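Read the structure below first, then the notes.
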């Protein structure tokens with residue numbers, strides 16, 4: 001019996017020791033698992049922040065890229081316009097010479113005269129040069145509608161006919177276009 005008692009006591013002590021060890025293990029693992037969870041939460045927060053920073057950087061990059069593309073297109077368009085109208089000031093300065101040629105042509109009564117041949121040759125070359133660089137005179141007929149986008153009314157006179165009211169009666173000075181842009185408005189007389 002004594003042996004049984006001793007054995008029981010030993011078993012009880014072993015059980016108590018095992019229970020105490022289990023409690024120690026449980027208390028030791030609880031803080032460790034809390035530390036692990038805290039580390040995982042910190043990593044998740046850091047990953048979320050990194051993802052937000054990446055998204056923000058990507059958005060900035062896309063905006064910057066779009067702005068650069070718009071800038072590139074705008075400068076290309078400006079260069080094209082500059083090339084098309086590069087000679088605008090020179091052509092504007094040459095238009096009075098063209099007007100003088102036309103007035104001189106009207107003063108020649110006999111165009112078969114030898115003196116007029118050279119003049120007409122020079123005038124035609126001058127017109128070809130203007131056309132070569134994109135300048136062309138506006139084709140305005142008497143009786144056409146007045147258009148403020150192309151015409152400048154220098155005066156109004158009573159219309160000789162009812163159908164000419166608000167229409168062009170006479171063209172005093174030709175208008176010119178440079179690549180479909182008005183560089184000089186046609187000076188016209190309008191019927192009232």
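Since every read-out is calculated from the coordinates, none of them should be taken as a lab result. Since we're looking at a predicted model, the values are computed, not measured. As a convention, Cβ positions derive from the backbone with ideal geometry for all residues, glycine included, and neighbour counts pool all protein chains shown.
At a 10 Å Cβ-Cβ cut-off, how would you order 176, 133, 65, fewest neighbours first?
Taking fewest neighbouring Cβ atoms as first place, the list is 65, 133, 176.
Test of understanding: what is the full-extension gain from residue 162 to residue 121, defined as 0.36 nm times their sequence separation minus their Cα-Cα distance?
Working it through step by step, the gained length comes to 10.6 nm.
Would you kindly state how much longer the chain becomes between residue 74 and residue 182 on full extension, computed as 0.36 nm times their sequence separation minus their alpha carbon distance, in nm to one decimal?
My answer for the length gained is 36.6 nm.
So for 169, 183, fewest C-beta neighbours within 10 Å to most, what's the order?
In increasing order of surrounding Cβ atoms, one gets 183, 169.
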